[in-house]
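Note sheet for the following structure.
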Amino acid sequence: MTRKRMFLRALAGMAGAAATSLILVGQLGRTHHTLDQFNVFIPLLLPVLALAFAICLRLRDRAGMAMAAIGLAVGGFQLGGATLSGAARDMRGDGPMIKVMTLSTFHANPRPLDLVKVVNDLDPDIALLQETNGTPSMIVGLLLPRHYRLPSCTGMPCSLTILSRWPLRKVKVDLPKHSAHPDLVMADVAAPFDTLRVGDVHLKRPYVQGAQDVLMATAAIARANSGGPLILGGDFNAATATFGLARFAQASGLRRQDGFVPTYPANRPLPAFTGIDHIYANGRWSRMGCRRTAAGGSDHYGVFCRLRWRAR
């Protein structure tokens, strides 16, 4: 065996072993929330494993092939299952279709005017915006000027803002008695076909103390407000394929509408590789597909979905 082949074999074997190890450590995230963060990197690790497997196959390195195959199988199943759970269209119902978007505008956005073009060109019926209390606060009034708007606070720039084509009023949310409360605002929207309940949320980073309590508190709030048509969107700081996001879906009873939409990071040297911004809805909606929006100077891309209302 030539030195070149030996070098490639060693390199592919080490890369496959390292990537597989990270994926297997991520499996401990089922019970250890901190380790769940390894699952954020699955979309980056799968191409590495595929390349390592191909090199080992070419070099007939059975041990390297086996190691890479384990990582591909576990990681592919996890990411694939999470993607499919939010990707398939649901064609049931023939009610009106609405456009919903969520975008974390980035409190230190260096180009907040770019947000105006992004949001206004999409012209969503409902826009759920996060981090509007920094530089974006200067241009919130320029976003969808014909829409109604509901900030999450009064008398100061607010962290959350809901924009709606139809009149809306703030809904009082019964927060859990413990101290872990989400940054959340909820409203009733008087659409022509029904009254819609809409929530805008920005959750803690999952490795911060109390983040899992906040996630479950948000799930409890969502379930308590699911009596009618409900849409909940925002910056969940929980990636597609993480066990935390799966637990949220199970506890809330909502369905994630986006499949795998990489939204973070944006405007960085590293391309977006993970989806932490999501749109959820209950069974009163059929999903008609989602896509990524431009970032508009933010460190996140947005998510834009079309949902069809179902009478029952």
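Data for the structure
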quantity	calculated
Inter-residue pairs, beta-carbon under 9 Å, first under 16 Å from ILE126 (Cβ atoms) and open to solvent by 30 Å² or more (accessible area, probe 1.4 Å) and in segment 281-309, second polar (S, T, N, Q) and assigned to a strand (DSSP E or B), 6+ apart	ARG308/SER286; TRP309/SER286
Test result for VAL198, in contact (Cβ under 8 Å) with a residue 24 or more places away in the chain and aliphatic (A, V, I, L, M)	yes
Meets criteria (among the aliphatic types (A, V, I, L, M) and either out of contact with any strand residue (DSSP E or B) (no Cβ under 8 Å at 6 or more places or on another chain) or outside any loop (DSSP other than H, G, I, E, B) (or both)) for VAL214	yes
Residues that are open to solvent by less than 30 Å² (accessible area, probe 1.4 Å) and either within 30 Å of LEU35 (Cα to Cα) or in a loop (DSSP other than H, G, I, E, B) (or both), drawn from segment 186-209	ALA191, GLY199, ASP200, VAL201, LEU203, PRO206
Members of segment 259-277 found to be touching a Ser or Thr at 6+ places or on another chain (Cβ under 9 Å) and either hydrophobic (A, V, I, L, M, F, W, C) or outside any loop (DSSP other than H, G, I, E, B) (or both), listed by number	PHE260, VAL261, TYR264, ALA266, ALA272, THR274, ILE276, ASP277
Criterion (open to solvent by less than 40 Å² (accessible area, probe 1.4 Å), assigned to a loop (DSSP other than H, G, I, E, B) and touching a strand residue (DSSP E or B) at 6+ places or on another chain (Cβ under 7 Å)) met by exactly one of GLY228, GLY234	GLY228
Residue within segment 33-42 that is buried (at least 21 other Cβ atoms within 10 Å of the Cβ) and charged (D, E, K, R) present	yes
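Here's the yes/no breakdown for (1) farther than 23 Å from HIS278 by Cα; (2) open to solvent by 40 Å² or more (accessible area, probe 1.4 Å); (3) at pLDDT below 95; (4) in contact with a helix residue (DSSP H, G or I) (Cβ under 8 Å, 6 or more places away or on another chain):
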| site | (1), (2), (3), (4) |
| --- | --- |
| LEU129 | no, no, no, yes |
| THR132 | no, no, no, yes |
| MET138 | yes, yes, yes, no |
| LEU142 | yes, yes, no, yes |
| PRO145 | yes, yes, no, no |
| ARG149 | no, yes, no, yes |
| PRO157 | yes, yes, yes, yes |
| PRO167 | yes, yes, no, no |
| LYS170 | no, yes, no, no |
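The values are calculated or read from the model by the stated rules, or taken from the named source; none is laboratory data. It should be emphasised that the depicted structure is a prediction, and the values quoted were computed from it without experimental measurement. Ideal geometry is used to build each Cβ from the backbone, glycine not excepted, and the neighbour counts take in all protein chains shown. Side chains are part of the model used for accessible areas, which takes the heavy atoms of the whole protein and leaves out ligands, DNA and RNA. Shrake-Rupley method; radii C 1.70, N 1.55, O 1.52, S 1.80 Å.
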